[in-house]
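Asks: I have a structure here, written as structure tokens, and I will follow up with some questions on it.
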Amino acid sequence: MAIDRGRIVGILGPNGSGKTTLLRLLAGMLKPDAGTVTLEGRSLASIPRAALARSIAVVPQETHLAFDYSVLEIALMGRYPHLGTFQLEGPRDLAVAREALVATGTASLERRRFSTLSGGEKQRVVIASALAQEAEILLLDEPTASLDVGSQFDVSALLARLNRDRGLTIVVATHDLNFAAALCGSLVMLSAGRLIASGPTGETLTSLSIQALYGVVADVYPHRAAGHLTVVPLRRIRRD
Amino acid sequence: MTDVRRRLAAAVAAFGALAAAAVLAAPLAGSTPIRLDRVFDRSVPFADNVDAQIFFIARLPRALAGALVGASLAAAGVVFQALLRNPLATPFTLGVSAGSALGAMLAITLRLHLSLWGVSAVTAASFAGAVCAVAIVYGMARARHSGFSTNVLLLAGVTLNAFFSALILFVQYVADSAEALRTVRWLMGNLDVAGYRPILAALPLCALSFAAFAWLPRALNLLSLDADAAASRGIDVLRAQRVAFFSASMATGAAVSLGGPIGFIGIIVPHLVRLIVGADHRVTLPASALFGAAFLVGADVAARTVMAPVELPVGIITALVGGPFFLWLLVRAR
């Protein structure tokens, strides 16, 4: 499996199929039992942690803080891979973090405590922190799982814009098939830890593949107003 | 408020001045009044300068011990709270102090009176007890996982605390009443050190811990997001957790062997400091150490003076202040 620069790739699969494990392998947080993960031809294992963090940024599904930081402090944490061991952030780090808040539409929240934000605002602030890493690759684990429809739109539009304007390569694991259809140019499908299909969204997102992945009969058709494929789940198939 | 450099400089200057003032002023309080200008009067030789003798020989060691113990416990509290991702953790949560106490109890009850280079058997045994507790808890946290489970760490620590407390009660029960009284006094915490030697013995351990603390703040900030967030920002999570655990345990063990298990410093001070300077560990950690030093020295002055000529154990003062504060914190938090 290979991911080309500048693409948005979705990882689909039922619970326990290995989506998060695949993301963690891609981020270099897990070492593969067999095989290698390479970034532009270099094995991830051979890249120092801080250097890797300057290339790949990760956005977790949800962020729960043990202590309450301000929004700006969270964004500035994205600068840590760029600092020496005892170095403190300088003016340029502050500028990059503020710019990341502007890009995610959270600049007005700069002084707010993270714990006082809504779920959608929190997710955009965490994405801002990842942007402040100035990595070219963004990995997201179910970024819209606990968000309302409006916030899901915000995150989806934000990711599309970051891909278009900054050329970020984005890999996103998700359960939301319509979110994936709207956002992702290509899909990777996992079942029980195995890759069962990958390719352009228009070819891989089909009734057949959805039935194979989830055991659900679904109607998949292009939605004229939305401009992308739409998935309507119809009924569950008992597989046992 | 956003500039971490400015906040760090302001916090270190303010809390540092407070700590220095506490250490200099504390020896002035006591049954025999002395004056600072006479203490530092160079025209009178030291042998004839009673004020200087009282200041440097009788009282300053106690203030310095208070500063060292206070700084160590407060900083260890900050580190444990971040490591366990639990704002209510204390340096004693993981059983270090219970191990220490058991060691001290055994030394007192078995009447080990030998002392080496100014370090009494009780001090040495209490540090050995702390090392045992740390080894057991660490072994548990590693046994169940290939990594380092902070949940197992917490459960093992709490269980070990209860188990060691039972052993302490048992040792007290079989000891005769004079020794039982000594052990109870030890458990209340006391900074009445005999000269500078015990402080010098604890100092290298504390210095080593603080050197490790200096390396930790960024990792602690990211660990309070979560372990994955830390890993994806270039932190070697397992190594950072190990350094945090061992350095905070060592600081706690050294502090407890010097002053006994003085409670609540490790939780009141970090929370007060966070209310003032925020949660960024690059500021919180040094500020807590300095404020912890000032706080314990101040509490010890109160312990020596509120019921003079009777001297209260300083642990009673910190607990009397800390208990209500802790409850307030529980009600206030979420």
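Asks: Pull out a ≥ b ≥ c, the square roots of the eigenvalues of the alpha-carbon gyration tensor of chain B, then state rounded if a/c is under 1.5, prolate if not and a/b is larger than b/c, and oblate in the remaining case.
Replies: Because a/c hits 1.5 or more and a/b fails to exceed b/c, chain B counts as oblate.
Asks: Another question, if that's okay. Shape call for the protein assembly as shown from the C-alpha gyration tensor, a ≥ b ≥ c root eigenvalues: rounded (a/c under 1.5), prolate (a/b greater than b/c) or oblate?
Replies: Note, shape of the protein assembly as shown comes out prolate.
Asks: What value, in deg cm²/dmol to 500, does the helix sum -39500 (n - 2.57) over DSSP H runs of n ≥ 4 give at 222 nm once divided by the residues of chain A?
Replies: So the calculated ellipticity at 222 nm is -10000 deg cm²/dmol.
Asks: Can you give the mean number of other chain Cβ atoms that lie within 10 Å of the Cβ atoms in peptide A:60-67?
Replies: Taking all residues of A:60-67 together, the mean is 6.
Asks: Next question, about the same structure. For the pair B:A21 and A:D148, how long in nm is the line joining their label points, each one 7 Å along Cα→Cβ?
Replies: If labels sit at B:A21 and A:D148, their model points lie 5.0 nm apart.
Asks: Report the extension gain between A:A107 and A:D165 in nm, rounded to one decimal, defined as 0.36 nm multiplied by the number of residues separating them, less their alpha carbon distance.
Replies: This chain segment gains 19.0 nm when fully extended.
Asks: Moving on. Taking 35 Å as R0, compute the FRET efficiency from the Cβ-Cβ separation of B:V174 and B:R197 and round it to 0.05.
Replies: 0.65
Asks: Quick one: putting +1 on the C-beta of Lys and Arg, -1 on the C-beta of Asp and Glu, what dipole do you get for region A:8-236 around its Cα centre, in Debye to the nearest 20?
Replies: Value, rounded to 20: 180 debye.
Asks: Given R₀ = 22 Å, FRET efficiency for A:S115-B:L329 by Cβ-Cβ distance, to 0.05?
Replies: 0.90
Asks: State, to one decimal in nm, how far the label point of A:N15 lies from the label point of B:S165, with both points 7 Å from Cα in the Cβ direction.
Replies: 3.8
Asks: Another one. Counting only complete DSSP H runs, which helices of chain B cover 30 Å or more along their long axis at the Cα atoms and score a mean Kyte-Doolittle of -0.5 or above?
Replies: Counting only whole DSSP H runs, the qualifying helices are B:4-25, B:60-83, B:121-143, B:150-174, B:237-259, B:281-305.
Asks: Give me the inter-chain shielding for B:171-181: mean count of other chain Cβ atoms within 10 Å, whole number please.
Replies: 0
Asks: I would also like to ask the following. Going toward the positive end of the dipole of the protein assembly as shown, with +1 on Lys and Arg Cβ and -1 on Asp and Glu Cβ, which of B:A255, B:G95, A:V216 do you reach last?
Replies: Value computed over the given set: A:V216.
Asks: May I ask which residue of B:V12, B:L222, B:Y173 lies farthest towards the positive end of the charge dipole of chain B, with charges of +1 (Lys, Arg) and -1 (Asp, Glu) on Cβ and the Cα centre as origin?
Replies: Value computed over the given set: B:L222.
Asks: Report the calculated FRET efficiency for B:D236 and B:L155 (r = Cβ-Cβ distance, R0 = 30 Å), to the nearest 0.05.
Replies: That pair, B:D236 with B:L155, gives E of 0.75.
Asks: Using Cβ contacts closer than 10 Å as the measure, can you line up B:C206, A:C184, B:C132 from fewest to most?
Replies: Starting with the residue having the fewest Cβ neighbours, the order is B:C132, B:C206, A:C184.
Asks: Of all trypsin sites (Lys or Arg not before Pro) in region A:1-61, which ones are in loop regions per DSSP and have a Cβ with at most 10 other Cβ atoms within 10 Å?
Replies: A:R5
Asks: Could I ask something else about it? With a/c under 1.5 counting as rounded, go ahead and sort region B:150-196 into rounded, prolate or oblate using the C-alpha gyration tensor (a ≥ b ≥ c being the square roots of the eigenvalues; past the cut-off, prolate if a/b is larger than b/c, else oblate).
Replies: Here region B:150-196 falls in the oblate category.
Asks: Here is a follow-up. Might you report the magnitude of the Cβ-based charge dipole of chain B about its Cα centre, with Lys and Arg at +1 and Asp and Glu at -1, to the nearest 20 debye?
Replies: 660
Asks: In region B:125-207, what chymotrypsin sites (Phe, Trp or Tyr not before Pro) fall in a loop by DSSP, with at most 16 other Cβ atoms inside 10 Å?
Replies: Sparse-neighbourhood loop chymotrypsin sites (Phe, Trp or Tyr not before Pro): B:Y196.
Asks: What's the magnitude of the charge dipole for the protein assembly as shown around its Cα centre, counting Lys and Arg as +1 and Asp and Glu as -1 at the beta-carbon? Answer in Debye, nearest 20.
Replies: It comes to approximately 320 debye.
Asks: Describe numerically, in nm with one decimal, the distance between label points set 7 Å from Cα along Cα→Cβ at B:D48 and at A:L30.
Replies: 8.0
Asks: Within region B:195-221, name every residue whose backbone N is under 14 Å away from a label modeled 7 Å from Cα of B:I57 along the Cβ vector.
Replies: Residues passing the 14 Å test: B:195-196.
Asks: A further question on this structure: Which of the trypsin sites (Lys or Arg not before Pro) found in region B:36-77 are in a DSSP loop and have at most 15 neighbouring Cβ atoms, other than their own, within 10 Å?
Replies: Loop-located and lightly packed - B:R42.
Asks: Working out 0.36 nm times the residue gap between B:D37 and B:V321, then minus their Cα-Cα distance, what length gain in nm do you get to one decimal?
Replies: Gain on stretching B:D37 to B:V321: 99.0 nm.
Asks: Hey, how many Å between the Cα centroid of region B:299-334 and the Cα centroid of region A:75-139?
Replies: Spelled out, the Cα-based centre of one part sits 41 Å from the other.
Asks: Still on this model: Averaged across the residues of B:218-228, what count of C-beta atoms belonging to other chains lies within 10 Å of each residue's C-beta?
Replies: Per residue, the average neighbour count from other chains is 5.
Asks: Got a sec? Which residues in region A:210-231 would a label at A:I196 touch, if it sits 7 Å along Cα→Cβ and we count backbone N under 12 Å?
Replies: Those under the cut-off are A:210-217.
None of the figures in this text is laboratory data; all of them are computed from the coordinates on show. Computed from a predicted model, the values in this text were never measured in an experiment. Glycine gets a Cβ as well: all are built from the backbone with ideal geometry, and neighbour counts include every protein chain shown.
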